[in-house]
Amino acid sequence: MDGNLNDERRWEVARRHLILRKWRICLIYAWCNLADRYTSWIRMEGEAHLNKALAVGNGAILLSGHAYGLSVMIPPVLAKKGYLVLRTGMTDPARRARRWGKAPHHIWQYVAYNGDYWHRFRALNQIRQGLEANGVLHIDIRGFPEGDPKVEIDFCHKKLFLDVQVLRLIEILKAPVLPCFAVCDDEGRVVIKIYPALDASADKIVTIFGSLYAFYLKEFPEYANIWGRVIRQEEF
């Protein structure tokens, strides 16, 4: 993180990060009990931006930073509000099932795109079908320590390049893209923030989403779970 932080700020960031990790785990495993009263713990800002994008009828993509904040809560909350929701990632679906269960509270679809060529092809078709049904696709975008300068964001420490494969996927899908971040307010309640839609263009995403992501990483470093890999210059 930013080397200009003083010792007091570093300790505060570290303390808040540990609290966040515990809170995220608690929310995941307690969701089966929280689902029907989630508004006591979680609120959404900018939902009008999402509804405006969906009014066109081609679905929408919510884009978050990988391993940042409480984005894991975005799909269950949207699904509980009545949206058709798909979540992508590299995690084994069986592991996801163990985490969330298969009870009625788990009402969003998880699409794993790791695997061979044919698996990825089927995953892409599943995603397309969801968007054609005017669904919401939630994607986390990873970062890399090296890459094309065209996908570099104004990071606060060393270098960070967005995942060109995810950017290409978004361009193929052609649905509007809405930056989305989930953080906490001063009382610990989760706040899901949705920003206005962007065109499904890599340049737009790098410029606008990249600037937002860089802002959150700099101003709220405690929400990021990537710092060890940043220091070691590893993919995250």
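The values are calculated or read from the model by the stated rules, or taken from the named source; none is laboratory data. Computed from a predicted structure; not experimentally measured. Virtual Cβ from ideal backbone geometry, glycine too; neighbours counted across all protein chains shown.
Sort out which residues of the range 111-154 are in contact (Cβ under 8 Å) with a residue 60 or more places away in the chain, within 12 Å of residue 210 (Cβ to Cβ) and out of contact with any helix residue (DSSP H, G or I) (no Cβ under 6 Å at 6 or more places or on another chain), and write them in order of number. Hit for the range 111-154 is 143, nothing else. Does the range 181-192 include one or more residues that are out of contact with any Leu (no Cβ under 6 Å at 6 or more places or on another chain), surrounded by 14 or more Cβ atoms within 10 Å (Cβ to Cβ), aromatic (Phe, Trp, Tyr) and modelled with pLDDT under 95? The answer is no; no qualifying residue exists.
More than 25 Å from residue 142 (Cα to Cα) and either in contact (Cβ under 8 Å) with a residue 60 or more places away in the chain or buried (at least 19 other Cβ atoms within 10 Å of the Cβ) (or both): does that describe residue 69? Full working, then the answer.
Numbers: more than 25 Å from residue 142 (Cα to Cα): no; either in contact (Cβ under 8 Å) with a residue 60 or more places away in the chain or buried (at least 19 other Cβ atoms within 10 Å of the Cβ) (or both): yes.
For residue 69, the condition - more than 25 Å from residue 142 (Cα to Cα) and either in contact (Cβ under 8 Å) with a residue 60 or more places away in the chain or buried (at least 19 other Cβ atoms within 10 Å of the Cβ) (or both) - is not met.
Being under 23 Å from residue 210 (Cβ atoms) and touching a Gly at 6+ places or on another chain (Cβ under 7 Å) is the requirement here; does residue 66 meet it? Answer is yes for this residue. Taking (1) at pLDDT 95 or above; (2) farther than 28 Å from residue 47 by Cα in turn, residue 160 satisfies each apart from (1). Would you mind stating whether residue 134 is at pLDDT 95 or above, in contact with a strand residue (DSSP E or B) (Cβ under 9 Å, 6 or more places away or on another chain), part of a loop (DSSP other than H, G, I, E, B) and surrounded by fewer than 18 Cβ atoms within 10 Å (Cβ to Cβ)? Taking the combined requirement at face value, the residue satisfies it. Of the residues making up the range 109-131, those that are in contact with a strand residue (DSSP E or B) (Cβ under 9 Å, 6 or more places away or on another chain) and outside any helix (DSSP H, G or I) are 109, 110, 111, 112, 113, 114.
Looking only at residues that are among the polar types (S, T, N, Q) and closer than 27 Å to residue 39 by Cα in the range 80-131, which one is modelled with the highest pLDDT? Even if it seems obvious, please write down each step before you answer.
Let us first name the residues in the range 80-131 that are among the polar types (S, T, N, Q), namely 88, 91, 109, 114, 125-126, 129.
Going one step further and asking which of them are closer than 27 Å to residue 39 by Cα, we end up with 88, 109.
On the way: 88: 90, 109: 87.
Of everything passing the filter in the range 80-131, 88 is modelled with the highest pLDDT.
Does the range 44-55 contain any residue that is surrounded by fewer than 18 Cβ atoms within 10 Å (Cβ to Cβ), in contact (Cβ under 8 Å) with a residue 24 or more places away in the chain, more than 18 Å from the chain's Cα centre (by Cα) and closer than 15 Å to residue 138 by Cα? No: zero hits. Candidates 12, 45: the one that is more than 30 Å from residue 172 (Cβ to Cβ) and charged (D, E, K, R) is 12. Examine the range 156-177 for a residue that is out of contact with any strand residue (DSSP E or B) (no Cβ under 8 Å at 6 or more places or on another chain), surrounded by fewer than 15 Cβ atoms within 10 Å (Cβ to Cβ) and under 27 Å from residue 25 (Cα atoms), and state whether such a residue exists. The answer is no; no qualifying residue exists.
Just checking, how many residues over the range 197-226 are assigned to a loop (DSSP other than H, G, I, E, B) and small (Gly, Ala, Ser)? Reasoning before the result, please.
Looking only at the range 197-226, we keep the residues that are assigned to a loop (DSSP other than H, G, I, E, B), and these are 197, 199-201, 220, 225-226.
After this cut, where a residue has to be small (Gly, Ala, Ser) as well, the list is 197, 200-201.
Adding up the residues that qualify gives 3.
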